[in-house]
Each structure stands twice: as structure tokens, then as C-alpha cells.
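Here's the structure, in C-alpha cells; my notes come after.
Values quoted throughout were computed directly from the atomic coordinates according to the rules given, and no laboratory measurement underlies them. Computed from a predicted structure; not experimentally measured. When we count neighbours, we look across all protein chains shown, and the Cβ atoms used for this are built from the backbone with ideal geometry, even at glycine.
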């Protein structure tokens with residue numbers, strides 16, 4: 001009690017004098033001196049800690065240096081005073097959830113703390129102290145200063161005498177310390193290239209995965225996610241750490257955490273415990289981080305990865321044959337290396353389907369299918385054989401769009417394209433007119449545009465068109481084969497049947513009734529090619545869109561189907577005169593001209609695509625037939641080349657073209673943009689998305705629009721302007737045009753700057769010349785004045801010299817006369833005084849001299 005009384009009296013000061021915060025903090029700061037008793041210093045620190053939050057500036061000015069001294073000298077001796085000092089400094093350096101003034105104070109205090117490396121080194125050393133609370137407080141302060149000045153703290157860490165051992169040791173502490181330690185670790189390695197290497201060779205990977213395992217694996221909470229984020233940061237953009245990680249046993253642990261066998265063989269099936277798991281948000285987040293690490297290892301360069309096949313198989317199985325959340329399936333397909341696509345035809349998968357009305361708790365095992373069949377089924381119908389495809393939620397449509405990218409990797413070899421299209425050709429030597437076998441892709445292409453349009457069928461048509469365009473693009477031989485496809489006339493199916501696939505049948509149930517896809521039994525015309533069928537469907541889609549009283553949603557669905565047909569036909573007819581002739585003979589010219597004569601007042605994309613396709617037909621109509629270039633030229637003239645060019649340019653400015661990128665062509669519904677839409681249109685579901693074009697078509701459009709715009713005004717007898725350009729050449733020409741346009745703009749800007757500089761230089765030169773002229777005139781005037789003055793001085797001097805000469809002559813005459821007079825006086829006997837005589841002699845002597 002006596003101690004507290006003395007302390008209170010010392011702080012209170014003289015009785016009756018009002019104490020200010022400045023006085024109190026000053027008195028407390030004086031007690032931080034090493035000469036004070038340890039107990040007094042501890043009491044002072046605790047008092048300052050209570051005042052620091054309300055008087056941050058005063059405590060920082062008077063007590064910060066003393067507090068840093070206590071951390072450096074007393075924390076090892078007394079954990080209580082060390083912890084109190086560290087917590088007080090943490091309050092002074094805090095910049096989160098504060099005002100701008102308080103934040104500036106926090107940064108100022110952090111800079112004072114980091115003026116030398118002693119305090120920082122001491123904090124890293126205290127991370128290994130025996131006292132739990134002291135370690136915790138040191139973590140809190142390190143987190144604060146790392147958030148404020150990360151680069152400086154990272155530099156001090158690399159020079160710390162204790163090295164990384166104390167930081168890594170935090171990962172083996174209790175749960176609270178582990179969480180803080182992971183936060184310190186994440187801040188240390190952020191945007192650093194050297195610290196991750198140092199930590200990796202000190203075993204940080206092993207300790208982090210030990211934390212993951214100890215906290216329950218994927219089922220763990222935020223600590224597991226933070227640890228996996230640190231693993232991602234340690235590996236990303238760090239080839240050295242990736243090489244080290246590949247040589248450890250940890251890659252197999254990534255598979256184990258996902259319940260996948262890291263030693264799986266190609267002929268082995270995947271266990272059900274991997275395919276069917278219970279998922280929640282935390283588990284999905286943790287699994288996504290593990291998938292990112294797998295993607296980094298698969299994409300890294302270096303020696304062969306032992307778990308390479310297991311990783312690839314894991315990504316394919318999770319994406320195509322599991323109940324994983326949709327966002328994880330999207331991630332799997334995006335991380336799948338392009339070189340893995342050829343494995344799909346030989347890989348046998350066992351898909352699963354959720355049992356209706358069981359909330360995902362019961363699943364049906366379906367018949368086995370190859371990887372490429374499962375991929376096509378996913379693209380054509382959506383996840384789980386089209387369940388939920390009508391809603392068009394972003395994750396679901398993203399999954400189908402990402403699967404298209406995998407299919408594109410599968411088509412890198414032209415032989416694969418040719419094999420797929422060959423499988424769609426009619427059988428040979430059958431005698432009667434034969435039809436092509438109905439494959440899922442062909443079925444999606446020839447789905448008739450029913451009334452009203454089914455949303456699931458619309459999406460299937462769009463994706464079928466995109467896939468088929470990938471088969472035809474840059475391949476004249478594939479285009480020639482595609483002209484031989486003769487689809488059978490299909491009986492329209494109910495919407496729910498058309499949404500289903502052709503592969504998946506419950507393995508433990510009976511086979512569903514077969515769908516009647518055979519040719520009709522009644523009298524038919526000659527077999528119709530696929531190109532003619534698409535032309536007919538395009539005409540039917542235009543007819544349906546023109547119906548009176550069509551709801552805004554139905555109009556937009558029809559526009560999507562029309563855009564799909566037009567985009568496919570434009571790519572198919574490009575540089576294929578025979579396909580152009582077949583399209584024109586099937587009535588394609590009349591379909592396009594009718595629409596251009598009656599353009600849409602709301603949607604600018606459809607008329608613009610019609611104008612583009614008409615220009616493609618005119619440009620490549622080089623085969624003899626009923627409709628020639630000479631026949632088309634008057635039609636183009638009547639429509640007006642300027643009008644057609646204007647409609648194509650309006651498409652280029654539409655958001656449905658501008659918003660499409662190489663990795664993202666799924667757009668929100670309705671797609672925002674300057675184009676006015678029907679105000680009555682509203683999406684059917686919240687979060688609905690839509691697709692109009694894929695990046696391959698947008699790239700094709702941008703590369704060739706100028707060629708078509710020039711071609712529609714060309715003479716019918718002129719040669720094709722792009723016969724030497726195809727594929728990459730067209731893209732290269734388009735990019736070179738952009739470069740030239742950019743350089744022309746830069747040259748014009750430089751010319752303008754040069755003109756300005758020239759004008760400024762001329763003005764400056766004129767000013768300098770005027771100044772020089774004035775200076776010269778002034779100098780001439782000064783020189784003339786000086787010459788006049790000099791001449792006057794010379795004249796005056798000459799007059800003075802002449803007067804002196806006259807005086808000398810006069811003096812000489814007088815001296816001679818005086819001498820003669822003295823001589824006469826002497827001769828006459830007159831007395832001559834000696835002075836006069838001396839004067840005469842003196843004069844003579846002077847004359848002699």
C-alpha cells in the first residue's frame with residue numbers, strides 16, 4: 001500500500017494543483033529510465049498503456065523511446081513489463097480502423113521504431129520466449145509494423161541473428177499463437193523474393209502442412225485456409241521453391257487431402273469417397289487452394305513431376321465425375337494443362353447424378369463414359385445432364401464455357417478434327433440415300449427452332465455452334481468434309497428430353513425409352529446437307545422472331561439463336577467458295593436481304609451480322625452457279641455500301657462484342673451497354689447470365705471486318721482481296737493495322753509537338769536577335785562616344801605639348817639674351833654679381849646637361 005501511495009502522490013503532484021495529461025505522461029515517461037526500480041518502471045508502463053489510446057500523440061512524443069528501451073533491455077528479465085511495453089507500442093503503431101490523423105501518428109511511430117534494427121531483431125527473438133503472452137504480444141506488434149512498413153521489416157528479418165527459426169517455431173505452438181504466426185509469416189513473404197527461399201529450406205512447407213493436418217484437413221476452419229494461402233504465396237512466381245517442393249513428399253499429400261490416391265493407375269477407377277463428398281463453404285475454399293497448388297506444380301518447368309498423372313487425373317475426375325461445387329469444377333478445367341486433353345478419349349469415368357428431391361444426399365451412379373464424351377455432354381447440356389441449365393447461373397455457364405476451352409486444346413491436331421467430322425458423315429455403300437449418324441454435337445446443330453424457344457435448347461444450339469466452328473476454323477479439308485454431312489430429319493422432342501444427354505443412363509436402373517431420332521417414314525425429298533439445314537433453320541428463326549406479340553424474353557432468345565447461326569455460317573463460308581455457292585442456292589441470299597431491308601430498331605447485332613455474312617458471300621462467291629458476283633453486285637448497290645458498313649461498325653461498338661475476352665465470354669443478363677433494350681425485358685432468374693459469341697469468333701470478326709468492308713464495294717470481276725490471308729495471317733494483318741494506326745497517331749502527335757517547338761524556337765531566336773541588335777546599337781553608341789572623348793583628349797594633349805614647346809623656346813631665347821647681356825656688361829666693365837654669374841653658369845650647366 002505504501003508503494004501505491006507513493007506512486008499516486010508522485011503522479012498527483014502538489015496538493016491542489018490540477019494535473020494535465022501532458023504533465024502526467026511526462027512524469028510517467030521519466031520513470032522509464034533504467035535508473036528507476038523495475039517495479040516503478042512496470043507501473044509507469046501500465047499507466048502509459050492506459051493513456052496511449054486516448055493520448056496517442058503525447059505518449060509517442062514523451063514515452064516511445066523509453067518503451068523501446070524497455071523492450072530491448074527488460075523484456076527478457078520481466079515478461080510482464082515486456083508484454084506491457086510491447087502492447088503499448090502496438091497501440092501507438094496501430095493504423096487500422098482509425099482516423100487519418102491517428103493513422104499518420106501510427107506511421108510516424110512505426111518509422112521511429114524502425115530507425116534502427118535493434119527493436120525489430122529483439123521482437124523476432126522474443127517470438128521464441130517461454131512466456132506465451134509475451135510471444136503473442138510480439139506477434140501482434142510485428143503484424144502492425146509489417147502492415148505499415150513491410151519492406152523495411154523484411155530487410156531487418158533477413159539480418160536477424162535468430163534467423164527464421166523463431167517464426168517457423170510459431171507454427172508448432174498452440175492454436176492462438178499458430179493463427180498469429182501464420183499472419184506474421186504471410187506478411188513477411190508478401191512481395192518478397194528472398195524470404196520465401198530462406199523459409200522453404202528451413203522446413204516451412206512441412207510445418208504448414210502439419211498445421212493443415214492437425215486442424216482437420218479440408219474440414220478445418222480459417223487457420224487451414226490461411227496456411228494454404230501461405231503455401232500458395234511461397235510457390236507462386238518462385239521456381240526455386242517449386243523445384244524444392246516437387247522433390248519432397250508433399251505433392252502426394254495434396255492428393256491425400258482431397259481423398260485421391262496419388263498412385264492411381266490409368267486402368268484403375270476412382271473410389272467413391274473422392275467422387276461423392278459432403279461440401280461446405282470452408283471445405284470448398286480449402287480445396288480450391290489445394291487445386292491452385294496443383295495447378296502451379298503442373299504448370300511449372302523443371303524435372304518430371306512424379307505425381308503428374310495423378311494430378312491430371314484428379315482434375316479431370318473432379319471436373320467431370322464428382323459432386324464437387326461448380327466453382328471447383330471450373331477451377332479444375334482452367335488448371336488442366338493443354339497437354340492433358342489427349343488423355344480424354346482413353347480415360348473411363350463414372351459420373352454421378354443427384355437423385356431429385358434429396359437435397360444432394362443421394363446420388364445415382366451412371367454408366368461409364370469416356371472423358372471426351374463426358375466433356376461433350378457437359379458442354380452440350382450442362383452439369384448433371386442439364387439439371388438447372390434453364391436458370392443459366394454464372395457458375396454453371398462458366399463451367400460449360402471453360403469446358404469449351406479444354407475441347408479446343410483437344411482439337412489442336414488437325415487429324416483429330418478430321419476424325420470427328422468423318423464420324424459425322426453418312427455411311428458409304430448403303431445403296432439408298434444415307435443420313436449421318438446422330439451424334440450429340442450434330443443433334444445440337446440441327447435442333448429446330450421450335451415455338452416457343454426452349455431456354456435449354458437455345459443454350460445447346462449456341463454451344464454446338466461454338467464447338468462446330470472450332471472444328472472448321474483454319475481447316476479447308478474439314479470444311480470440305482462438313483459439306484458432306486447429311487443430318488436426318490428429326491422428330492421434335494419434348495423440352496425435357498432434348499435437354500437430356502445421349503450418354504448418361506443410371507447404371508443400376510433400366511435403360512430409358514429410346515428417343516425416336518430416325519428419319520421420318522413419309523415421303524421425303526432428297527437428303528439435305530447440314531449447310532442447307534442450317535440455312536433453313538436460320539430462316540425459321542427469323543420468321544419466329546417476326547411474329548407479332550412476341551414477348552421480350554422470347555425475342556431475345558430468338559436473337560441468340562440467330563446470332564449463333566450467323567456466326568457459324570460466317571466462319572464456315574470464309575474462304576470456301578463451294579460452301580458459299582451451296583448457301584446461296586439454298587436461299588441464303590434472300591434470307592439475308594429480307595432482313596437487311598427490315599432491320600431491327602432495337603438490336604443492332606443481328607443486322608450487322610447479316611451485312612457481314614452477305615459481304616462474305618460476295619467476297620468468296622467464286623464458283624459458277626445461279627447466283628454470281630455479277631448477280632449480287634446490284635443488290636449490294638441497292639442496299640448501299642455505306643449502310644452496310646455502318647451496320648457492321650455498330651456491331652463492333654456493341655458491348656456483346658467489346659465485353660468478350662479470351663478468358664471471359666459469359667456476360668451478365670442483360671449485357672450492359674449503350675444500346676437501348678426493350679424496357680419491358682427482365683431476366684427470368686436472379687443472377688442470370690448469357691452468351692452471345694465466344695472469343696474465337698470475336699477475334700475472327702475483328703481480324704476480317706475491314707476486308708469485307710472493302711470487298712463489298714469491289715467490282716464483280718475483281719479478284720478476292722484475302723485469298724492469301726487465312727487464319728493466323730489475317731490476325732497478324734489485323735494486329736499490324738492496329739500497330740500502324742497507333743504509330744500514325746504517334747507520328748501526328750510528334751509532328752504537332754515539332755511544330756510547336758519550331759514555332760517556339762523561331763520566336764526565341766527572333767527575340768534573341770532583337771536583343772542582340774539592341775545590344776549592338778548600344779555598343780556602337782558607346783564606342784562612338786568613347787572615340788570622340790579619346791580624340792578630344794588627344795587634341796587637348798597636343799595643344800598642351802605645343803604650349804610647352806613654345807615656352808621652352810621662349811625660355812631658351814631669354815637665357816641666350818641674358819647671357820649676351822652679362823657678357824656685354826663684363827666687356828664694358830660693369831659689375832656683375834656672383835649670383836647672377838652663378839646663375840649664368842648654372843644655366844649653362846643645365847643647358848649642357
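Helix 222-235 and the longest principal axis of the C-alpha atoms of the chain enclose an angle of approximately 70°.
What the pair-distance distribution of the stretch 115-251 shows, using all Cα-Cα distances binned every 5 Å from zero, is 2, 10, 22, 24, 21, 13, 6, 1, 0 percent.
Protection proxy ranking of 549-557, 775-783, 611-619, by the mean of other Cβ atoms within 10 Å over each peptide's residues and highest first, is 611-619, 549-557, 775-783.
What's the exposure ranking of 172, 428, going from fewest to most Cβ atoms within 10 Å? Walk me through the numbers on the way to the answer.
Working: 172 13, 428 6.
Result, fewest neighbours first: 428, 172.
Relative to the longest principal axis of the Cα atoms of the chain, the long axis of helix 641-652 lies at roughly 80 degrees. Short to long, the 5 Å bins of the Cα pair-distance histogram for the stretch 38-84 hold 5, 25, 34, 24, 11, 3 percent of all pairs. In terms of surrounding Cβ atoms within a 10 Å radius of their Cβ, 202, 686 rank from fewest to most as 686, 202.
Can you tell me the order of 383-389, 536-542 when each peptide is scored by its average per-residue count of other Cβ atoms within 10 angstrom, highest first? Write out the running numbers ahead of the final one.
Details: 383-389: 18.7, 536-542: 21.3.
Put in order of decreasing packing, that is 536-542, 383-389.
Note on the chain: helix-only mean residue ellipticity at 222 nm, from DSSP H runs of 4+ residues weighted -39500 (n - 2.57) and normalised by residue number, equals -20500 deg cm²/dmol. Calculated translational diffusion coefficient of the stretch 266-371 (4 °C, 1.567 mPa s; Stokes-Einstein with Kirkwood radius over alpha-carbon pairs) equals 89 µm²/s. Using only Cα atoms, tell me the angle between helix 834-848 and the longest principal axis of the chain; keep it within 0 to 90° and round to the nearest 10. For helix 834-848, the angle is close to 40 degrees. Note on the stretch 119-191: Kirkwood hydrodynamic radius from all Cα pairs is 11.8 Å, rounded to one decimal. Modelled spin-label separation between residue 65 and residue 222, with each label point placed 7 Å from Cα along the Cα-to-Cβ direction: 3.9 nm.
Would you please classify the overall shape of the stretch 352-470 from the alpha carbon gyration tensor, given that a ≥ b ≥ c denote the square roots of the eigenvalues, rounded means a/c under 1.5, and beyond that prolate means a/b larger than b/c while oblate covers the rest?
Note, shape of the stretch 352-470 comes out prolate.
The alpha carbon centroids of the stretch 530-553 and the stretch 376-431 are separated by 24 Å. On the beta carbon distance between residue 635 and residue 480, with R0 = 25 Å, the FRET formula returns roughly 0.35. Taking 0.36 nm per residue of separation and subtracting the current Cα-Cα distance, fully stretching the chain between residue 695 and residue 815 would add 30.4 nm. Could you tell me whether the stretch 528-726 comes out rounded, prolate or oblate from its Cα gyration tensor? Rule is a ≥ b ≥ c as square roots of the eigenvalues, rounded for a/c under 1.5, then prolate if a/b exceeds b/c, otherwise oblate. It comes out prolate by the Cα gyration axes. Could you state the number of Å between the C-alpha centres of the stretch 125-167 and the stretch 197-218? That distance is 19 Å.
At q = 0.04, 0.06, 0.08 Å⁻¹, what log₁₀ I(q)/I(0) does the chain have when each alpha carbon counts as one equal point scatterer in the Debye sum? Computed log10 I(q)/I(0) values: -0.38, -0.64, -0.92.
If packing is taken as the average number of other Cβ atoms within 10 Å across a peptide's residues, how do 558-571, 332-345, 650-663 rank, most packed first? It would help to have the intermediate numbers written out before the result.
Numbers: 558-571: 23.4, 332-345: 18.5, 650-663: 15.3.
Those peptides, ordered most packed to least, come out 558-571, 332-345, 650-663.
The stretch 49-88 and the stretch 652-673 have Cα centres separated by 57 Å.
Arranged by the count of other C-beta atoms within 10 angstrom, fewest first, what order do 95, 213, 88, 358 take?
Details: 95 18, 213 14, 88 27, 358 9.
With the sparsest Cβ surroundings first, the list reads 358, 213, 95, 88.
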